[in-house]
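Take a look at the structure set out below.
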Amino acid sequence: MSIFVYQTFQIKQDKFKEGIDNLREIKCFRNEHYAQKVEILTPVSGEDHTYAFLTTYEGLAEMELQSKKMFDDEEYLKLIEAFFLQNIVQGSMNTQIFRSISEKKIAKKEEKK
């Protein structure tokens, strides 16, 4: 069952270019080095400087394993250090975790018809 991690945060207005560049670096690094799919979401409505990461994992155990690997990786830690300390508004990060609903039961009901 897939796990989706949705993290919103505000980029500092005076660090906008650096923040976007940093987000792209983090996305590329995580997609290339870890078993996860990361997307950067940009605002269409709402607060202009609120952006989000949407990360997809194969399951909760995979999310935990990948998290451990990332925080043991010095190169990754340098990327997120700039992200947290220089590019986003302190206290603005909000993380939510979702899982997909299994479609097996729906398929069985349709077969009975």
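Determine whether segment 55-73 contains at least one residue that is in contact (Cβ under 8 Å) with a residue 60 or more places away in the chain and more than 17 Å from GLN7 (Cα to Cα). No: segment 55-73 contains no residue that is in contact (Cβ under 8 Å) with a residue 60 or more places away in the chain and more than 17 Å from GLN7 (Cα to Cα).
The sole residue among GLU32, GLU25, GLU18 that is touching a residue at least 60 places away in the same chain (Cβ under 8 Å), more than 16 Å from ARG99 (Cα to Cα) and open to solvent by 80 Å² or more (accessible area, probe 1.4 Å) is GLU18.
Taking segment 51-103 as the range and being closer than 21 Å to LYS17 by Cα, among the hydroxyl-bearing types (Ser, Thr, Tyr) and crowded, with 17+ Cβ neighbours inside 10 Å as the test, the residues that pass are TYR51, TYR76.
The values are calculated or read from the model by the stated rules, or taken from the named source; none is laboratory data. Everything numeric here is computed off the predicted structure, so don't read it as measured data. Ideal geometry is used to build each Cβ from the backbone, glycine not excepted, and the neighbour counts take in all protein chains shown. Just the protein is used for accessible areas: all its heavy atoms, side chains included, with ligands, DNA and RNA removed. Shrake-Rupley method; radii C 1.70, N 1.55, O 1.52, S 1.80 Å.
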